[in-house]
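For reference, the structure is listed below as structure tokens.
The values are calculated or read from the model by the stated rules, or taken from the named source; none is laboratory data. On a predicted model such as this, the values are computed, not experimentally measured, just so you know. Ideal geometry is used to build each Cβ from the backbone, glycine not excepted, and the neighbour counts take in all protein chains shown. The accessibility values were calculated without ligands, DNA or RNA, using every heavy atom of the protein model including side chains. Shrake-Rupley method; radii C 1.70, N 1.55, O 1.52, S 1.80 Å.
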Amino acid sequence: MTSPVFSPLVLPCGATLPNRLAKAAMEENMADVGQVPGPTLLRLYKNWAEGGTGLLITGNVMVDGRAMTGPGGVVLDKHSEIAPFRAWANAAKQNDTHVWMQLNHPGRQVYAAMGGDVLSPSDVAIDLGKHSHLFGKPRAMTQQDIEQLIQRFADSALKAEQAGFDGVQIHAAHGYLISQFLSPLTNKRKDEYGGSIENRMRLLIEVIKAVRAQVAPTFAVAVKINSADFQRGGFDADDAKVVISVMNELAVDLVELSGGSYESPAMQGSTADGRTLQREAYFLDFAKEIGQVATMPIMTTGGVRRLAVAEYVLAQGIEVVGMGTALAMNPSLPNDWKNDSTLSAHNPMVRWKDKTLSAVATMALIKRQLQRMGQGKYPKPNASPIFSLISDRIRIKKLTKRYHHYLNKYPTR
Ligand SMILES: Cc1cc2nc3c(=O)[nH]c(=O)nc-3n(C[C@H](O)[C@H](O)[C@H](O)COP(=O)(O)O)c2cc1C
């Protein structure tokens, strides 16, 4: 009997995903000169497309080249040349795979070494104890900044559609800019964008409406939100339910539920408020609870690396199972499951005493696998975390220097 994970899913926009498995967004930090996709990114996505995953969601693509989550990130704005993006979409669409571009603005989660603009709803800086100085100091956004930001999301979505992507996913999770607006810990505004959840979600709703107005009705528009920030006084499951009930009216094709931020990396299974998450399918209980109010399909991501767990997630009423790490460790995991349903992907979690450093080392280890695939090599799941961390730091230093040249020429707003 074929597993239910291999059954198709029709989305509200009319598109049919070939199966229920999605590669969740993973920032590759592998852009070519000019912050555009190049041969290594194409190779990586071709690899995933051949591996049997039905939907590939790209790593976050920046809507503004002056605000980046990392120096090797891809930027797509209204001035971008479309050809490299067309090539990227083509590479990812082999094998009838669907590809969505994740669109993001980092807000205050910008490394100080990067430079550029550090914007946030309010001027609340990141608190990561002794590591806080690594991040830029945010400036509270003006009404004009907000309007420009909304336009940027709409411009990037239109360009993604023109390049051949099947959809976009608006990143409103993980403590980035839209998530900062959603959270009462980072949004202290006194205007109509702050205060009640209705006000805190206003930016997200305006972004969704602006994007929808630009693209065809058959183009998928998805949103990734936190089920909770996992910080005391932060955005919580009740807030998430309110946001979803409003999104029900907005032709949103899928909502991915995740959790956490740089301050509380729940998306890596570790929280700042001490709450424990399940060892596998971290956000499943939240997704079940929050998903009850949703009329669109729900996807949940976090900790899945076995077919039995993916099937369990679907059996709980969730429509799509997202995987990040597992597909970095084995890009052909879905196809491999067809031959061996007991196969599990390697879990590279680093557990050092310093939680922040452990999170960075885990990310470095995973990113190294993406780079290897981009170079045409197989992943090396047992690679050394220390070596991966050091080589990641060296790489980031070089890329930051390159990004500064780009930034110097980038048009100011
Ligand atoms: C290297 C790496 C990069 C990531 N980049 C992004 C990103 O760009 N956008 C995003 O929404 N999530 C990002 N994530 C989070 C994943 O989408 C996912 O939510 C998280 O890894 C938990 O799922 P997993 O246990 O299957 O990896 C990233 C995760 C990793 C490991």
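Label-to-label distance, N335 versus Q316, with points set 7 angstrom from Cα along the beta-carbon direction: 3.0 nm.
Over 20 Å apart at the Cα level, from the set K190/K241; K224/K288; K78/K209, are K190/K241.
In the stretch 4-409, taking the dipole from charged Cβ atoms about the Cα centre, the farthest positive-side position among G322, I394, H79 is held by I394.
In this simple spin-label model, placing a label point 7 Å from the Cα along the Cα-to-Cβ direction at both D123 and E81 gives a separation of 4.0 nm.
Once both labels are positioned 7 Å from their Cα atoms along Cα-to-Cβ, the gap between A213 and E198 label points is 2.1 nm. The calculated FRET efficiency for Q292 paired with K353, based on their beta-carbon distance and R0 = 51 Å, is about 0.80. Taking a ≥ b ≥ c as the square roots of the eigenvalues of the Cα gyration tensor, the chain is rounded, since a/c falls below 1.5.
Bridgeable lysines around K130 (alpha carbons under 23 Å apart, same-chain partners fewer than 8 residues away excluded): K353, K355, K397.
Note on the chain: antiparallel DSSP beta bridges, both residues inside, total approximately 15 percent of the bridges counted. Packing around the peptides 246-257, 389-400, taken as the average count of other Cβ atoms within 10 Å per residue, puts them in this order, highest first: 246-257, 389-400. Residue ranges 294-304, 4-14 sort as 294-304, 4-14 when ordered by packing (mean number of other C-beta atoms within 10 Å per residue, highest first).
Rolling a 1.4 Å probe over the protein heavy atoms leaves S344 with an accessible area of roughly 60 Å². The gain in end-to-end length when the S384 to A237 segment is fully stretched comes to 49.2 nm, 0.36 nm per residue minus the alpha carbon separation. For K338, the lysines whose Cα falls under 25 Å of its own Cα, not counting residues fewer than eight places away in the same chain, are K23, K46, K93, K377, K380. Label point 7 Å out from H346 along Cα-to-Cβ: which residues of the stretch 380-413 have amide N under 11 Å? Under 11 Å, as judged by backbone N against the label point of H346, lie 380-385 of the stretch 380-413.
What separates the Cα centres of the stretch 63-134 and the stretch 344-413 is a distance of 15 Å.
Entry note, the chain: the mean residue ellipticity at 222 nm calculated from DSSP H runs of n ≥ 4, each adding -39500 (n - 2.57), is -11000 deg cm²/dmol after division by the residues and rounding to the nearest 500.
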